[in-house]
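First the structure, in the form of C-alpha cells, and then the observations on it.
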Amino acid sequence: MTQSTENTSYKDIKKTVLARIRSGDWQPDSLLPNESELATEFSCTRTTVNRALRELAEEGYLERRRKAGTRVLSAPQRQARFTIPMVRDEVEALGGTYRYALVSCDQKTAPDWLTARLALSPGHEVMHVRCMHYSGNTPFQYEDRWIVTDSVPQVKQANFSEIGPNEWLIQTVPFTNVELTFLASRADAALADFLDVAEGEPVFTGERITWLEGRPVTFAKMYFAAGYRMTTQF
C-alpha cells in the first residue's frame, strides 16, 4: 500500500515497516527498497526515512550495511536498554530523602587486578573513591569506584566531600560503551557495617565499567541494601 500523505513522520514509517515485517510482506533476509525509493513512497525526505530505519536497526529488526543496503533480520535481536541511574534520583523516586557520605578518596597507582581488568599500562594513576548513599537514615548503596585520571583529568580537582562520584561523572563525562555485571556477593565485616546487614549475608552487587571512545573511564562496584530491585525493558 502506498503512503501518499505529505510530511510523513519517521514514527509513521517505523510503524509501517514493522507491520510489513510482521505480516511477512518483507521476509527475513530480504532487502528493503533503498532510501530514495522509500522517501518517494512515503512522500518525505530521505533523512526521515534514514531515522526510521536507523531506529529499527537499533531495536534489532533490521541490519544496515553501507553499499549492501538494509536487510530484515531473520530473528529480531532485541536489546535490553539500560540508563546509568543517578543514585539521588533513585532514592527520591522511591519517596526517600537522599543523603551522601564520603568514606575515602585517594589518588594512587592502579592495583594489578585493575590494570589487567581495564587493560591499563603499568603504573597508571587512578582515583579511588568509596562512599555511602542513604535514603533518610537507611543505607541504600555502598559505592567503591576507580576513575582513570588520564581519561578524566578533571577528576583531580573534583571535591567528592559534597557530591558523589556517580553524580559527578554523569554530569561531567559522557561514555560510549558500558559493561554491566550483576552478582550476589557476601558482605565482609566492613560492608556489613556500612549496609547494616549480617556479616556473610548475600548482597546484590553491580559492577560497571565505562569507556569513552575506547579509553577506560571508570570501574565501579555498587553494593545495595536489602530490598533493592532493578528492572529493564526489552
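Read the figures in this text as sums done on the coordinates, not as results from a lab. Only a predicted model underlies this, so the values are computations on that prediction, with no experimental measurement involved. FYI the Cβ positions are ideal-geometry reconstructions off the backbone, even for glycines, and counts take in every protein chain you see.
Structure notes:
- Taking the charge dipole of the chain about its Cα centre, with +1 at Lys and Arg Cβ atoms and -1 at Asp and Glu Cβ atoms, the residue from 38, 61, 136 reaching farthest to the positive side is 38.
- Using a Förster distance of 22 Å, the FRET efficiency for residue 7-residue 46 (Cβ separation, nearest 0.05): 0.95
- Each Lys and Arg adds +1 at its Cβ and each Asp and Glu adds -1 at its Cβ; summed about the Cα centre, the chain shows a dipole of about 820 debye.
- Charge dipole of the chain about the Cα centre (unit charges at C-beta), most positive-ward option of 220, 8, 105: 8
- Under 27 Å between alpha carbons - lysine pairs in the chain that sit 8 or more apart or on different chains: 6
- Angle between the chain longest axis and helix 46-58 axis [Cα atoms, degrees, rounded to 10]: 50
- The charge dipole of region 79-160, taken about the Cα centre with unit charges on the Cβ atoms of Lys, Arg (+1) and Asp, Glu (-1), comes to about 40 debye, rounded to the nearest 20.
- Per-selection Rg to Rh, region 128-180 - Cα, Kirkwood hydrodynamic radius: 0.98
- Relative compactness, region 164-234, computed as alpha-carbon Rg over 2.2 N^0.38 Å: 1.28
- For the chain, modelled as a GNM whose springs connect Cα atoms under 10 angstrom apart, the maximal fluctuation among 33, 139, 202 occurs at 33.
- For the chain, built as a Gaussian network whose Cα springs stay under 10 Å, the top-fluctuating residue of 11, 156, 67: 67
- Ratio of the Cα radius of gyration of region 46-162 to 2.2 N^0.38 Å, where N counts its residues: 1.59
- Structure remark: mean-square fluctuation, Gaussian network model of the chain, C-alpha springs under 10 Å; the largest value among 57, 189, 68 belongs to 68.
- For the chain, the pair-distance distribution built from all alpha carbon pairs, in bins 10 Å wide starting at 0, is 7, 24, 23, 17, 17, 10, 1 percent.
- For the chain, the longest principal axis of the C-alpha atoms and the axis of helix 10-23 are separated by about 80°.
- Two-decimal Rg/Rh across region 109-218, once Rg and the Kirkwood Rh are taken from alpha-carbon atoms: 0.98
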